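The values are calculated or read from the model by the stated rules, or taken from the named source; none is laboratory data. All of these numbers come straight from a predicted model, not from anything done at the bench. In this analysis, Cβ positions are derived from the backbone assuming ideal geometry, glycine residues included, and neighbour counts consider all displayed protein chains. Surface accessibility is based on the protein's heavy atoms, side chains included, excluding ligands, DNA and RNA. Shrake-Rupley method; radii C 1.70, N 1.55, O 1.52, S 1.80 Å.
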Amino acid sequence: MKHIRKHVKPYLPLLISSIIFIAIQAYLNLVLPNIMSQIVNVGIQDYSQKIALASGAVAESLKLEQQQYIIITGAKMLCVAIFTGVVTLLIQYINAKMGTGLARDLRNTIFSKIESFSSAEFDKFSTASLITRTTNDVQQVQMMLTMGVRTIVFAPLMGIGGVVMAMKKAPSMAWINALSVIMVIGLIMIVYSLAVPRFKLIQTLIDKLNLVARESLSGLMVVRAFSTQKYEEERFDKASREYKQNNLFVNRIMSLMGPTMTLLQNIVPVVIIWIAAEKIANSQLLVGDMMAYIQYSGNIMGAFMMISGIFVMFPRAMVSVNRISEVLDTENVITEKENPVILPIDKCEVSFNNVSFTYPLGEGEVLKNISFVAKPGQVTAIIGSTGCGKTSLVNLISRFYDVTKGSVKINGIDVRDMSLKNLRDLIGYVPQKSILLSGTIRSNLQSANQEATDVEMEKACEIAQAKEFIERKEEKYDYPISQGGTNVSGGQRQRIAIARAVMKMSPVYIFDDSFSALDFSTDLKLRKALKENLSNATIIIVGQRVASIMDADQIIVMDEGKIVGKGTHKELIKHCEEYQQIAYSQLSKEEV
Ligand code: M5T
Ligand code: MG
């Protein structure tokens, strides 16, 4: 709730003016029946009696007076009605401005919070759930604010004001109001107890629906290739049906509310007229007062009805508020120290010192006692079978995760003591799964370095062996890239991702299996170009192919999270059994 309060703060002036206008609206609504009762009591009844008793000229002048009275009082009613209309418009305007503004701010806050998440926090929430939290949940909060404020101010004023005015008009009929209020409250309680437990469920089901939809749509190719459309459809259908059933249940109950209330609202006037008729006949009550009484009793029930709406909306919004708070309250695991060290963008030596690592949600150590040094101007290669922890290892350098034991240092400074921005500025990173953002080739490259000139960009592409295929395209660097970069080939995507990293001109480069989609000759050319152009950089290459790493200055052989060999190709091929196995399985005797 504290997050919502913080976000409402800037809208306090709007909120207060909205409350004032709502109070005015309630007052006007209470005044109207009173004026109407005057028309009937004085304008029609009193004058008619007087006219009946008078005769001749006196009667004529009384008739004129009566007409005037009715016109003036009618005009008063009209004014009140018009004024009410204007006030209502103003309230709507203010509330819309306040609600949409708050929703925008809240969405922005959630989005930037999510942006600060590390992989550890992403593991906690699913992407689908984060999307629902930023959209649907925010919408619930927006609705609660706009409708909630209106109800909380308007309904009590209307209810209490209605009771006071009705008591004034006809105290002897108070029990009718009491009875109808009790019935309304009973109805609300029944509905409330049935519907509310479902709200949390509904929000979770939206998450689920979102998840299934995203998964089967983004994996559509796989779904088609394996002809599992039917299965996916059933999965979606199941999630969708569950959502439907719960929504249907809640809405059915809610829709019971309307007719029942209308019935009550229509029965009560009948009861009032029934009882009032006798009182009027006995001159205990005026007709106008009875009419006003009917309107006030309608107001009272209306007020309770409105409050019931809030009772239904409130728990639903609270579920959303909690879901939003969950995101905003998530403590980032990867945080900066108070006075972080800032290293110059210069030569960097990366060292692992007895590093062990366990995934936050995982069991068992993925990395055990890793120690090595990657020197500037050298290529350090990491090789090992799949799942041995290569990606996990390099992710520790950029602090996508933090080490569990030991430390990763750059130039002797623990990465946890550095500013995150500085740390990431130092590193040009090509992830194992190359991901491009929608836009153009240019916009993707520039995301790494906004200030880079066209010449620098072309140079980077030349190094990454991407220049040729880009310039073959008609739009060249303005070639559009679709979401995820699916409209270029896997190898092209990899090379654009490499060019993007090279553009950064950073002192450390990490290539996580980034040459896997390249043919041997391109792989060779690329490595040569990297060596020539990034001669001062610390290059860390994760690879599966011995051929692409055998000329590295240092090769680290990994097996099940441990380092089992360290050295050059020549040294390892003599002494390291695991390395021999990999090498002989890929290369011929002569090549080795
Ligand atoms: C090493 C586990 C994975 C594997 C081990 C990325 C990731 C991995 N793991 C998790 O539990 N959670 C995660 O988010 O860690 O995985 P790796 O570091 O990805 O291995 P690799 O890069 O050497 O493999 P590959 O296939 O890329 O060559 O047991 O279950
Ligand atoms: Mg990997």
> What's the long-distance tail for the chain, i.e. % of Cα pairs beyond 37 Å?
Replying inline: 56
> Roughly what angle does helix 454-463 make with the longest principal axis of the chain, taking Cα atoms, 0 to 90 degrees, to the nearest 10?
Replying inline: 50
> Of S119, F400, M1, which is farthest on the positive side of the dipole of the chain, counting Cα position, with +1 on Lys and Arg Cβ, -1 on Asp and Glu Cβ, and the Cα centre as origin?
Replying inline: M1
> Going by average Cβ neighbours within 10 Å, how do the peptides 149-161, 1-13 rank, with the highest at the top?
Replying inline: 149-161, 1-13
>> Starting from the 7 Å offset along Cα-to-Cβ, what nm value, one decimal, do you get for the label separation of A96 and K531?
In response: 6.8
> Given Q494, M143, G258, which one lies farthest toward the positive end of the charge dipole of the chain, if we put +1 on the Cβ of every Lys and Arg and -1 on the Cβ of every Asp and Glu?
Replying inline: G258
> Karplus couplings for the stretch 314-320 from phi (6.51 cos²θ - 1.76 cosθ + 1.60, θ = phi - 60°), rounded to Hz, Gly and Pro as x?
Replying inline: 4, x, 5, 5, 5, 4, 5
> What does the helix-only formula give at 222 nm for the chain: each DSSP H stretch with n ≥ 4 adding -39500 (n - 2.57), the total divided by the residues, and the result rounded to the nearest 500 deg cm²/dmol?
Replying inline: -21500 deg cm²/dmol
> In degrees from 0 to 90, rounded to the nearest 10, what is the angle of the helix 229-281 Cα long axis to the longest principal axis of the chain?
Replying inline: 20
> Expressed as a whole percentage, what fraction of the accessible surface of the chain belongs to carbon and sulfur atoms when a 1.4 Å probe is rolled over the protein heavy atoms?
Replying inline: 60
> When the chain is fully extended, how far beyond the present Cα-Cα distance does L217 get from A57, taking 0.36 nm per residue of separation?
Replying inline: 48.8 nm
> To the nearest 20 debye, what charge dipole does the stretch 275-431 have about its Cα centre, counting +1 at the Cβ of each Lys and Arg and -1 at the Cβ of each Asp and Glu?
Replying inline: 500
>> Quick query: amide H of T440 versus all other amide H atoms, modeled in the peptide plane; which residues come in under 5 Å with a sequence gap of 5 or more or a different chain?
In response: I481
> With axes computed from alpha carbons, what is the tilt in degrees of helix 577-586 against the longest principal axis of the chain, rounded to the nearest 10 within 0 to 90?
Replying inline: 90
> From the phi of every residue in the stretch 143-150, what ³J(HN,Hα) in whole Hz does the Karplus formula 6.51 cos²θ - 1.76 cosθ + 1.60 yield, where θ is phi - 60° and glycine or proline is x?
Replying inline: 5, 5, 5, 5, 6, x, 4, 4
> How high is the relative contact order of the stretch 336-494, given as a whole-number percent (alpha carbon pairs under 8 Å, six or more residues apart)?
Replying inline: 23
> Along the charge dipole of the chain, Cβ charges K/R +1 and D/E -1, which of L423, Y192, F154 sits furthest on the positive end?
Replying inline: F154
> Under a no-solvent Debye model with one identical scatterer per Cα of the stretch 204-261, what's log10 I(q)/I(0) at q = 0.28 Å⁻¹?
Replying inline: -1.04
>> Using the basic label-point model (7 angstrom from Cα toward the beta carbon), what is the W175 to D123 distance in nanometres?
In response: 6.9
> Which ³J(HN,Hα) values, rounded to whole Hz and listed in residue order, are derived for the stretch 290-297 from phi using the Karplus coefficients 6.51, -1.76 and 1.60 in 6.51 cos²θ - 1.76 cosθ + 1.60 with θ = phi - 60°, glycine and proline given as x?
Replying inline: 5, 4, 4, 4, 4, 5, 5, 5
> In debye to the nearest 20, how big a dipole does the chain give about its Cα centre with +1 on each Lys and Arg Cβ and -1 on each Asp and Glu Cβ?
Replying inline: 1180
> Could you give P(r) for the stretch 231-309, binned at 10 Å from zero, as whole percent values over all Cα-Cα pairs?
Replying inline: 16, 28, 20, 14, 10, 7, 4, 1
>> Assuming 0.36 nm per residue, please report the length gained on full extension of the stretch D478 to I16 beyond their Cα-Cα distance.
In response: 161.3 nm
